[in-house]
1. What's the number of the condition C:Y355 fails, among (1) at pLDDT 95 or above; (2) over 31 Å from the mean Cα position of the chain (by Cα); (3) more than 14 Å from chain B (Cβ to nearest Cβ)?
2. Please find, among C:P118, C:P122, C:P109, the residue that is crowded, with 19+ Cβ neighbours inside 10 Å and either over 30 Å from C:V345 (Cα atoms) or at pLDDT 95 or above (or both).
3. So in region A:162-176, with the set limited to residues that are out of contact with any Leu (no Cβ under 8 Å at 6 or more places or on another chain) and open to solvent by 10 Å² or more (accessible area, probe 1.4 Å), which one is nearest to A:A74 (Cα to Cα)?
4. Could we say that B:S76 is in a loop (DSSP other than H, G, I, E, B), farther than 28 Å from B:I227 by Cβ and either polar (S, T, N, Q) or touching a strand residue (DSSP E or B) at 6+ places or on another chain (Cβ under 9 Å) (or both) here?
5. Can you tell me which residue is nearest to B:S180 (Cα to Cα) among those in region B:315-357 that are hydroxyl-bearing (S, T, Y) and open to solvent by less than 10 Å² (accessible area, probe 1.4 Å)?
6. Can you pull out the residues in region A:130-183 that are free of Cβ contacts under 8 Å to residues at least 40 places away in the same chain and within 14 Å of chain B (Cβ to nearest Cβ)?
7. For A:H185, are the conditions met, namely being open to solvent by less than 60 Å² (accessible area, probe 1.4 Å) and over 29 Å from A:G252 (Cβ atoms)?
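The values are calculated or read from the model by the stated rules, or taken from the named source; none is laboratory data. Since the structure is predicted, the reported quantities are computational estimates derived from the model, not experimental observations. A quick note on method: Cβ atoms are made from the backbone with ideal geometry, for glycine too, and the neighbour counts reach across all protein chains shown. Note: areas computed on protein heavy atoms with side chains; ligands, DNA, RNA excluded. Shrake-Rupley method; radii C 1.70, N 1.55, O 1.52, S 1.80 Å.
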Amino acid sequence: MDDKRDMAALGKAMYDMAARMYPICRSITGDGVRSTLKIVSQVIPLQVHEVPSGAQVFDWVVPREWNVRDAYVANSRGERVIDFKKHNLHVLNYSSPINATMSLAELKPHLFSLPDKPDWIPYRTSYYRENWGFCLSHKALLALPEDQYTVVIDSTLEPGALTYGEYYVRGELADEVLISCHICHPSLANDNLSGIALASHLARLLGDARPRYSYRFVFIPGTIGSIAWLSRNEETAQRIKHGLVVVCVGDGGKFTYKKSRRGNAVIDRAVLHVLSHEAGEFNQIEFYPYGYDERQYCSPGFNLAVGSLSRTTHGEYPQYHTSADDLDLISPRNLAESLQVYLKVVDVIEHDRIYINQNPKCEPQLGKRGLYGGVGATARPANEMALLWVLNLSDGSHSLLDIAERANMPFEQIKHAAKALLGCGLLRAAD
Amino acid sequence: MDDKRDMAALGKAMYDMAARMYPICRSITGDGVRSTLKIVSQVIPLQVHEVPSGAQVFDWVVPREWNVRDAYVANSRGERVIDFKKHNLHVLNYSSPINATMSLAELKPHLFSLPDKPDWIPYRTSYYRENWGFCLSHKALLALPEDQYTVVIDSTLEPGALTYGEYYVRGELADEVLISCHICHPSLANDNLSGIALASHLARLLGDARPRYSYRFVFIPGTIGSIAWLSRNEETAQRIKHGLVVVCVGDGGKFTYKKSRRGNAVIDRAVLHVLSHEAGEFNQIEFYPYGYDERQYCSPGFNLAVGSLSRTTHGEYPQYHTSADDLDLISPRNLAESLQVYLKVVDVIEHDRIYINQNPKCEPQLGKRGLYGGVGATARPANEMALLWVLNLSDGSHSLLDIAERANMPFEQIKHAAKALLGCGLLRAAD
Amino acid sequence: MDDKRDMAALGKAMYDMAARMYPICRSITGDGVRSTLKIVSQVIPLQVHEVPSGAQVFDWVVPREWNVRDAYVANSRGERVIDFKKHNLHVLNYSSPINATMSLAELKPHLFSLPDKPDWIPYRTSYYRENWGFCLSHKALLALPEDQYTVVIDSTLEPGALTYGEYYVRGELADEVLISCHICHPSLANDNLSGIALASHLARLLGDARPRYSYRFVFIPGTIGSIAWLSRNEETAQRIKHGLVVVCVGDGGKFTYKKSRRGNAVIDRAVLHVLSHEAGEFNQIEFYPYGYDERQYCSPGFNLAVGSLSRTTHGEYPQYHTSADDLDLISPRNLAESLQVYLKVVDVIEHDRIYINQNPKCEPQLGKRGLYGGVGATARPANEMALLWVLNLSDGSHSLLDIAERANMPFEQIKHAAKALLGCGLLRAAD
C-alpha cells in the first residue's frame, strides 16, 4: 500500500460518510440498519445478509424486527413536548407501540434522563424486555407541568429480520483478519458512526491492494449481531488469526487498546508496538468480558485473537451514550489519525514473518554489499543497527515483530532492513 | 459455615483460653505441655500422643523430659532476688538442676538480660546443650550487689516423653488441610498462646461443619515436635494439599504472610487474595528457611504447600521473646479479626474449584434467566460482571480463585456468581 | 586461588604493561600486533598464530597486511604540520601509501577532526575501503592556512598475515571459559590496553591455579580476528560454556555488564550477582548486536554464553576513540578493582555446582555437628542462615548460584556453608 495516500482527503471522506449516516434511526434490526448498509455500499461492494426473526443463534433467538415512524408526547394543548422527529434518541430504542392519554405521574416511570448532565438526552434501549419509553434532557423533564399527556409511539415489532453486512478481501493466504464494527446505535457519532466510516475506508484501501492475509469486514448490530454471525460462520471463525473491533475512533482522546482474551496474541503485540512508536501516550487495557463485540469473539468457545482499538473508549467520555455524542465530537483529522494507526497495524500483520539468516556464523560483511558505512565512527546509524538486529535474531525463532520489539525500533525500519538483506541473499523466508 | 457467627464472642473465648494457659510453664516436653493440651481438650476432642525420650525422629532424638518445680537465686539474707514462682521466664528453659552457693562473679555467666530493654525478662532456652541459668530484667541484674548467692533449680531431666495433640476433621475428600501451632513457649501470649487459641476455635468451627477437605490440627512443641510428627506421619503428609502455621495472631499489627517454599501454591494465592481484599495494608514475605515449623514442613524432602499467616511476625515486634509478650499485647478483637481472615482463607480453599461453561460459544442470554438488569445503562453492577467473568474464564483451565484474581474481585462475589450459574445449568463442576 | 594476593602490586603490573604497549601503532594486522603479543608473552606463555592474507574466514577474507613507517603533512616551508611520529592516531588506520603535493582544498576531504572536542585527535579506520587520510585536532585543522602541502604516508598494504595470540589453561573439565580481548587499537589506553593487561594477568593467575574449568584466553584484532578465530575453532567453540569480552576496564567509571544474547546464561547471572554484592551501583545492558567481539560470539550460528564486563563502556565516555583515551584515563587502582571483580566471577563459575541434601526430610540437627549457636537468641547469624538455605534448596534442582540469588547472600557465604555441610556428610555433589 502507498504511504503517500492523502490522509486529509480520507479524513474528510470518513467524516462526510458519518454525517450522512447520522440522522438515521438505527437499532439492532429494522430499516435504519438497511439504510446504513446502503451508505456503506457506496464505498465498498458489501454483501448484505438477513437472518429471520425467530432464528436460533446459539443461546439467543433473533427478535422481531423493530421499526418506528413517529413518537411523541403532546400536552393537553396538542403541543409536542417530546418529539422523535427532533432527535431519534427521544424514543426508548425498541419501544413497543402505544397510543394513550395519561397524567404526568403515570408517564414518569417511562421517562429517562440524566440528572448530572441536565442538557443531554440519554440513549436507552430495551431489546429483550418489552417496554415503551422516552428519553429527554433532565431540564426538559423538570419543566413538564402536571397535565394530561397524549403519548404516541408509532412503532412495529413484527416478524422480519436481523440485517448485517460483510465484505471479504481475498488475499494470498486463506488465513483471515477480522475487522468488526457495530451498526445499531441511532444518532451517536463517535460510538458507532466513526467505526463504520473507518472500517469502510480501511476496507476500500485493502480491497484495492493485494494483501497477504484475507480480510473480512463485518458490519453488525452489537451482541445479537456478532452472535448471529458467529453461529452462522463457525468454520470461517477458525481461519481468523487476528482481529480488531473498531469503535470510538473519531474523538480527540488518546488511543486505547483493549487486549484480546489471549493477552499476548500477535494482534495485541502488533497494536501495542505501533502505538508505542507512533502514538505518544496511550492506554492499554487487559481483556475484560464486557464492552463491545470482542465479548463474543473472545468467549471461551471461540477465544479468537480479537482486541479492540479505539480512542477514548466505552463509557470513558462524558458524552458517551448521550445526544452530545454528535458530529461535533468527531473530526476528519481524528478519523484520519485513527485510520493511519490501523494501517500501520495492518502493515505489521502483513509483514510479520520469520526469516532465516543465511550466514549465521559471525556477521556477514555488509560493507562489500554496499549496506554499511565507511570510515568507522562511533555511533551506527539506525538503518545499520536494524540490519544487525535482523541478522542476529533471524535464527528461525524470531519474527520481524519479535525483532522490532527486542530492538525497540519501529517495525518499518526492521521491515526495510529485512528487505535489503533478502535482496542480497543474506535472508530467506522461513515458510 | 455461617458468616453470621458472633465474632465478638469468639474473640472473647479465644482470649479467655489464652489467659487460662498463660501461667503454665511450658517447654518442648513435660507436664506444662500436658496441662496446656488439657485446656485445648475443653474446646475440641483432642487426641494426645506421647513419643518416648530416646526415640529417633529423622536426624534427631527425642530428649529427656524436663520438669521444673522451683527455681530461685537467694542472697545471703535468704531473700529470693530471682524467683521462678514470680515469672516462669526467670529460669533458662531446660535448665539442669543445681543447688549451690556462689559469688556474683560465678553466677553472672549464667544470667541473661536485655540491656536495650532494661525492664523486660528475656526468654532463653538451652534444649540440646546441657546448661543452667536465669533470665532477668537488666535493671534487676544491675541492682545485684556483691554477695554469696544460693542458686537452686529444682528441675528434672529424665526419661519421659514428648507430648503433642492432634485433631482430625473428616471432610468429603481424603485430601487434607494442615493447621499447625507450637505449644512450647512458657508465659508468652502472642508468640504461641494466640496461635493455640485461634487454632482450637477454628478447629471447633470446622468440626461443627461438614467441610469438603479434611482438616488436621496439630498442637506441637516447635521444631522437635513437627519433626517427630512428620517422622511418624510420612504417609499422611502426602495427603496435605494446603497448610498454615498459626503464630502471633493476637497483636494489633498488620497481617503478615510468609509464603510456602513453593511460592505460588494455592494456599499462597488464597491467603494473598484474602489479605488484598480484606485486610488493608499487609506484609508479604518470600519463604526463607527460618522461623517456625514451616521450616520442617517445607524441608526439601516434604516441600509441603504450607505457609504462615500471622500479624506482626517472628522477631519483628519489640516484645518478642520477652516478658512483655503478655496478655496486654493481645486482645479479643485482634484474635477475632485474625480468625475472620483464617475463615475467609478456608472459604477460598473449600470453594476453589474448576467449573465448565456449558454455553461456551458466545455469551448465554442472562436476561431470560433473570440474571441480568433491564434498560441498558452504562456501567454493569459488580454481580453481573462476576457472572460474565465466570462464564468467560470457565474453560476448564481456570479455577474460581484464578478467576477472582484475574477479575480482581473478592472471591466471595465470584463464588456467588458461580453458584447462580450452576443453579441455571450454565456451569457444571469439572471434577 | 588465594584471596590474600596483593591487588595493589597486580594493579601496578597491569598499568606498567599498558604503558609499555601504549606507544605501539597497532592495527588489525601488522607488526604492531606482533610487538604487542611479545609483551603479553612476557606475562604468560602465549601461542601466536598467523592467518595468511587472502584466507577465507566465513563471509570474510583476511586483508592484506598493513604496516606504516612514517606519515606526515608538511607545509611549503617543509615543516611537518601533522606528524605520525608525534601521535600514531594522526594517520587514518589502514591508509594506503601516498606521496603527493596538493592544496588545502584537495587535502581537506582526507582530514578528520572532532569539532565538538577541538583539542583531541580522533581515531578513524578504513580497513575494507581503500583510502588515505589524517586525523588531527579541530584546532589544528582550523589553523591550517592556504598552502601547497606535501602529503606522505609511507605505508605498505601487502600480502602477509593476521596475527593473534592464544593461551589455554587446562582445568579438570574439558568445558571451557573464554576470555577475549581485542588488540587492534593504536595508542588508546582504556579501549584495548586495559583489557589486554587485565586478561594477561587473569590468565597468569589461573595458569598458576588448577581450576575446575579449562580457560581459553584469546588476544585478537576486533571483528576480523574473532571471525578468523571462530572459523578455525568451530569445535572448540562448542566446549565454551561461559565467556567474557574484556574491554575498557581501566577507567574510574561504574561497572557495566552487557549480557550475552541468551540473556539469562550462568555467566550473565554470575556477573550480575557479583556486581550486585560487590560493586555498588552498576549498569546492566541487554545484548545488542553491536559493540565488541561478543557480536561474533553471539551471532546466531554460535550463540555462545559470552557477555562483556567493562567499566564505562563503548562510546559512553567522552574520550572514547580519541587521543584523550590515554594513560591518564586509566589507573593501577581501577585496573586492580576490575581484576578483583573478574576473579570473583571466576570464583562463582568455578564453584557453582548442584549438591544434594543427604537429610532432606526436616532439618538435620546442626548443633550436634558443631555448626549451630547455643542459647537461642532472636536473630540467626548469616553463616547459620547460609547453612539453612543450602540445606533447604539443595534438592537437585538448585545450584549454589541459584541459592545465593534466592537467599540474596554473597556467593562466597553460600560456598562456605556448602563446604561445611560437605565436610560433615550432609551434602554431596550431584554430578
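1. Against the list (1) at pLDDT 95 or above; (2) over 31 Å from the mean Cα position of the chain (by Cα); (3) more than 14 Å from chain B (Cβ to nearest Cβ), C:Y355 comes up short only on (3).
2. Selected residue: C:P122, the only one of C:P118, C:P122, C:P109 that is crowded, with 19+ Cβ neighbours inside 10 Å and either over 30 Å from C:V345 (Cα atoms) or at pLDDT 95 or above (or both).
3. Within region A:162-176, the match that is nearest to A:A74 (Cα to Cα) is A:Y168.
4. On the way: in a loop (DSSP other than H, G, I, E, B): yes; farther than 28 Å from B:I227 by Cβ: yes; either polar (S, T, N, Q) or touching a strand residue (DSSP E or B) at 6+ places or on another chain (Cβ under 9 Å) (or both): yes.
It is true that B:S76 is in a loop (DSSP other than H, G, I, E, B), farther than 28 Å from B:I227 by Cβ and either polar (S, T, N, Q) or touching a strand residue (DSSP E or B) at 6+ places or on another chain (Cβ under 9 Å) (or both).
5. So the residue we want is B:Y342.
6. A:E130, A:N131, listed by residue number.
7. Working: open to solvent by less than 60 Å² (accessible area, probe 1.4 Å): yes; over 29 Å from A:G252 (Cβ atoms): no.
Spelling it out, it is not the case that A:H185 is open to solvent by less than 60 Å² (accessible area, probe 1.4 Å) and over 29 Å from A:G252 (Cβ atoms).
Residues checked against (1) among the small types (G, A, S); (2) crowded, with 24+ Cβ neighbours inside 10 Å:
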| site | (1), (2) |
| --- | --- |
| B:Y213 | no, no |
| B:R216 | no, no |
| B:I220 | no, yes |
| B:T223 | no, no |
| B:N233 | no, no |
| B:A237 | yes, no |
| B:I267 | no, yes |
| B:N283 | no, no |
| B:C298 | no, yes |
